[in-house]
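Here is the structure we will look at.
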Amino acid sequence: MKTKSGPDLDSYLEDTSNIPGYADVVYIPDRTEEIHSALAQCRASRIPFTVSAGRTGTTGAGIPQSGALCSVENLQRIHSIDPDRGIAVIEPGVSLDDLNQAARPHGYTLRAASTEWLARAGGIVGTCASGVRGFKYGSIRTYIRSLDLLLTTGESITIRRGRHRACGRKLYAEFPRKTFDLILPGYTAPGIKTQAGYRATNDLDLIDLIIGSEGTLGIITRIVLQLQKIPFTSFYGLLFLPDERRAFRLVEHARSLTARGILCPAALEYFDARSLEFLRDENPFIPASGTAVYFEQEIEREPEYEPAMAQWVQLAETHGADAGQSILADTPQERERIFSFRHSLPQHINEYLRQHRVVKRATDIAVPRRAFRQMYRYYKTLGEESGLPYVNFGHIGESHLHFNFLPRNKKEERKAKKYLILFCERAVALGGTVSAEHGIGKLKRDLLRLMYPAHRIREMAALKHYFDPHDILGLDTIFAKELLPAWRGHG
Ligand SMILES: Cc1cc2nc3c(=O)[nH]c(=O)nc-3n(C[C@H](O)[C@H](O)[C@H](O)COP(=O)(O)OP(=O)(O)OC[C@H]3O[C@@H](n4cnc5c(N)ncnc54)[C@H](O)[C@@H]3O)c2cc1C
């Protein structure tokens with residue numbers, strides 16, 4: 001196993017949140033067994049232990065504040081891909097890119113994951129990622145069949161979907177060397193896409209508690225995943241619309257056609273005028289004003305192609321899309337071009353924040369569909385009032401936008417943080433979530449407190465302590481470590 005310390009550590013101590021990290025040592029195991037020995041050392045000396053994968057996270061969850069970091073990047077084995085059923089058995093360091101390349105010859109791909117292909121399987125499961133195709137495919141949760149989990153107490157367990165269900169909130173699960181007997185937290189999460197704190201529902205499957213637990217309950221060492229069939233073909237669209245009103249109408253229309261089974265886009269995304277402005281220099285084809293809707297339409301059988309294309313052309317015309325500038329892409333090169341355009345926005349934002357040395361101040365808010373326009377108006381009003389540069393874009397099909405402030409210095413960053421809290425307060429009042437896909441990490445702990453009262457967050461800490469009684473794993477993620485017995489009074 002490689003270890004790093006001193007100045008070699010720097011690249012391991014940041015993700016796209018830009019919050020500063022610190023570690024005394026980084027372990028980079030080549031085999032799962034090596035994690036056991038690193039963990040045993042840390043357990044014996046009560047040294048904080050954080051695990052990271054691709055470090056593309058946006059909340060600092062995989063970035064340590066002290067102690068040791070274990071980067072699973074070298075655990076890259078794809079043990080198998082079943083060519084008939086599309087089931088992949090992989091290690092946590094496998095990148096999305098590598099997984100897709102290995103799956104493609106068998107006719108499979110992974111649709112429900114981060115748009116960032118440098119993300120790795122451990123991080124995808126750790127954050128319960130979803131992405132641009134979440135409108136059709138949801139999050140990675142649905143596709144995880146089984147996980148191997150290494151606990152900080154040293155046991156390794158295999159959790160198979162459907163085998164270990166809670167009864168109400170009481171979870172009892174037996175494994176050869178480990179038994180869980182615990183009460184799950186009592187909160188009820190909003191009934192929309194959400195990734196804010198531990199999953200806790202009646203009759204929860206243990207595997208669903210681990211998915212999205214942000215590296216705080218155990219270390220995932222093996223993942224069994226259902227891949228998706230590559231569709232027969234697909235076409236993508238980038239529709240430029242004169243204003244927001246028309247973009248929203250188009251989206252609502254597309255959603256109602258989806259509900260009636262007439263269309264089934266994989267992606268339904270939105271760019272506000274400021275997002276387009278931000279990208280214009282490198283993309284001169286963007287019209288001088290207006291907004292855009294991006295979609296991906298998959299086709300399962302050849303006869304579906306013409307009717308689906310006709311539907312989208314009609315939708316575009318009905319809602320006033322700019323016929324000259326809008327793009328309908330059905331060749332692999334054209335699809336790649338407009339997908340890259342979509343992906344370039346978060347990439348540019350992250351680059352901008354790095355250049356300005358400021359922490360990410362962005363929303364990951366989703367609200368119930370009925371509240372979307374109200375939330376959007378609030379974004380606009382406060383965005384203008386703030387006087388700060390910003391862009392607003394994202395997964396409009398799921399009423400989930402990423403409003404990103406673009407602060408130019410620390411002072412503006414502090415101001416942005418205040419507005420972010422206001423946005424989150426409003427979202428919660430509307431029945432929404434402060435984090436729909438990126439998790440809470442270290443950056444959004446204050447925001448989680450807007451969703452749940454203090455005693456519910458203490459229940460989360462108690463749950464974490466049950467899994468990690470030494471209180472060493474993934475500290476300061478989701479809640480402050482001072483809520484854990486070993487760190488009480490250290491604040
Ligand atoms: C340009 C860009 C676009 C993005 N688009 C999306 C998007 O569309 N949708 C989306 O959901 N996210 C998106 N993200 C965020 C990011 O890609 C996801 O959060 C991703 O799931 C993180 O994976 P990672 O491998 O980089 O994990 P890391 O950042 O390394 O870690 C993330 C979390 O997973 C935990 N973890 C890592 N490995 C393990 C393990 N073996 N066992 C237990 N826990 C583990 C870590 O402790 C941490 O809590 C984007 C990021 C960028 C930079």
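The values are calculated or read from the model by the stated rules, or taken from the named source; none is laboratory data. Note that the structure is a prediction, hence the values are computed from the model and not measured. Cβ coordinates were reconstructed from backbone atoms using ideal geometry, including for glycine residues, and neighbour counts include every protein chain displayed. Calculation scope for accessible area: heavy atoms of the full protein, side chains included, ligands and nucleic acids excluded. Shrake-Rupley method; radii C 1.70, N 1.55, O 1.52, S 1.80 Å.
Residue count for segment 453-475 satisfying the condition of being crowded, with 22+ Cβ neighbours inside 10 Å and in a loop (DSSP other than H, G, I, E, B): 4.
Restricting attention to segment 6-33, the residues being assigned to a helix (DSSP H, G or I) and either within 13 Å of the ligand (Cβ to nearest atom) or under 20 Å from Glu116 (Cβ atoms) (or both) number 4.
For segment 178-195, a residue qualifies if it is open to solvent by 10 Å² or more (accessible area, probe 1.4 Å) and touching a strand residue (DSSP E or B) at 6+ places or on another chain (Cβ under 8 Å), and the qualifying residues are Lys178, Thr179, Asp181, Leu182, Ile183, Ala189, Pro190, Ile192, Lys193, Thr194.
Do any helices (runs of 4 or more DSSP H) lying entirely in segment 325-435 carry at least 2 residues that are in contact with an Asp or Glu (Cβ under 9 Å, 6 or more places away or on another chain) and farther than 24 Å from Pro242 by Cβ, and which ones are they?
Working: elements: 332-355, 372-386, 410-429.
Once the helices (runs of 4 or more DSSP H) in segment 325-435 are filtered for at least 2 residues that are in contact with an Asp or Glu (Cβ under 9 Å, 6 or more places away or on another chain) and farther than 24 Å from Pro242 by Cβ, what remains is 332-355, 410-429.
Applying the set (1) open to solvent by less than 10 Å² (accessible area, probe 1.4 Å); (2) at pLDDT below 95; (3) more than 26 Å from the chain's Cα centre (by Cα) to Phe240 leaves exactly one unmet item: (2).
The number of residues in segment 421-446 that are within 21 Å of Ala200 (Cβ to Cβ) and without any contact (Cβ under 8 Å) to a residue 40 or more places away in the chain comes to 3. Does Gly6 qualify as being within 21 Å of the chain's Cα centre (by Cα) and at positive phi? Judged against the criteria, Gly6 is not a match.
Report yes if some residue within segment 316-332 is in contact with a Ser or Thr (Cβ under 8 Å, 6 or more places away or on another chain) and under 19 Å from Phe248 (Cβ atoms); otherwise report no. Give the derivation first.
Just the residues of segment 316-332 that are in contact with a Ser or Thr (Cβ under 8 Å, 6 or more places away or on another chain), to begin with: 316, 330.
Those still in the list that are under 19 Å from Phe248 (Cβ atoms) too: 316.
Within segment 316-332, one or more residues are in contact with a Ser or Thr (Cβ under 8 Å, 6 or more places away or on another chain) and under 19 Å from Phe248 (Cβ atoms).
Yes or no: segment 49-59 includes at least one residue that is surrounded by fewer than 21 Cβ atoms within 10 Å (Cβ to Cβ), within 15 Å of the ligand (Cβ to nearest atom), under 22 Å from the mean Cα position of the chain (by Cα) and not small (Gly, Ala, Ser). Can you show your working first?
First, the residues of segment 49-59 that are surrounded by fewer than 21 Cβ atoms within 10 Å (Cβ to Cβ): none.
Among the residues of segment 49-59, not one is surrounded by fewer than 21 Cβ atoms within 10 Å (Cβ to Cβ), within 15 Å of the ligand (Cβ to nearest atom), under 22 Å from the mean Cα position of the chain (by Cα) and not small (Gly, Ala, Ser), which makes the answer no.
Looking only at segment 406-445, how many residues end up being among the basic types (Lys, Arg) and within 16 Å of the ligand (Cβ to nearest atom)? The total comes to 3. Of all residues in segment 447-461, those that are more than 18 Å from Gly57 (Cα to Cα) and in contact (Cβ under 8 Å) with a residue 40 or more places away in the chain total 6. Would you check which residues across segment 34-48 are touching a residue at least 40 places away in the same chain (Cβ under 8 Å) and either away from the ligand (no atom under 15 Å from the Cβ) or of a type in the set (S, T, N, Q) (or both) and list them? Passing the criteria: Ala40, Arg43, Arg46, Ile47.
Of all residues in segment 64-84, those that are within 11 Å of Ala121 (Cα to Cα) and open to solvent by less than 10 Å² (accessible area, probe 1.4 Å) have Cβ atoms under 8 Å from Cβ atoms of residues that are within 13 Å of the ligand (Cβ to nearest atom) and charged (D, E, K, R), 6 or more apart or on another chain, in Val72/Glu91; Val72/Arg120; Leu75/Glu91.
Taking Arg31 as the residue in question, decide whether it is out of contact with any helix residue (DSSP H, G or I) (no Cβ under 9 Å at 6 or more places or on another chain), within 27 Å of Thr152 (Cβ to Cβ) and open to solvent by 10 Å² or more (accessible area, probe 1.4 Å).
Working: out of contact with any helix residue (DSSP H, G or I) (no Cβ under 9 Å at 6 or more places or on another chain): no; within 27 Å of Thr152 (Cβ to Cβ): yes; open to solvent by 10 Å² or more (accessible area, probe 1.4 Å): yes.
Answer is no for this residue.
Please state which of the following conditions Trp117 fails to meet, knowing it meets all the rest: (1) open to solvent by less than 10 Å² (accessible area, probe 1.4 Å); (2) free of Cβ contacts under 8 Å to residues at least 40 places away in the same chain. Result: Trp117 passes all but (1). Taking Arg377, is it in contact (Cβ under 8 Å) with a residue 60 or more places away in the chain, open to solvent by 30 Å² or more (accessible area, probe 1.4 Å) and not assigned by TED's automatic domain parsing to the domain that holds Gly138? Taking the combined requirement at face value, the residue does not satisfy it. Taken as a whole, the structure leaves Leu250 outside the set of residues that are closer than 30 Å to Val428 by Cα, within 16 Å of the ligand (Cβ to nearest atom) and either aliphatic (A, V, I, L, M) or surrounded by fewer than 19 Cβ atoms within 10 Å (Cβ to Cβ) (or both). In segment 92-108, is there at least one residue being assigned to a loop (DSSP other than H, G, I, E, B) and away from the ligand (no atom under 13 Å from the Cβ)? The answer is yes, given that some residue of segment 92-108 is assigned to a loop (DSSP other than H, G, I, E, B) and away from the ligand (no atom under 13 Å from the Cβ).
Would you mind stating whether His455 is within 20 Å of Val125 (Cβ to Cβ) and out of contact with any Lys or Arg (no Cβ under 7 Å at 6 or more places or on another chain)? Taking the combined requirement at face value, the residue does not satisfy it. Scanning segment 40-89 for residues being touching a Gly at 6+ places or on another chain (Cβ under 8 Å), closer than 19 Å to Trp487 by Cα and in a loop (DSSP other than H, G, I, E, B) gives a total of 6.
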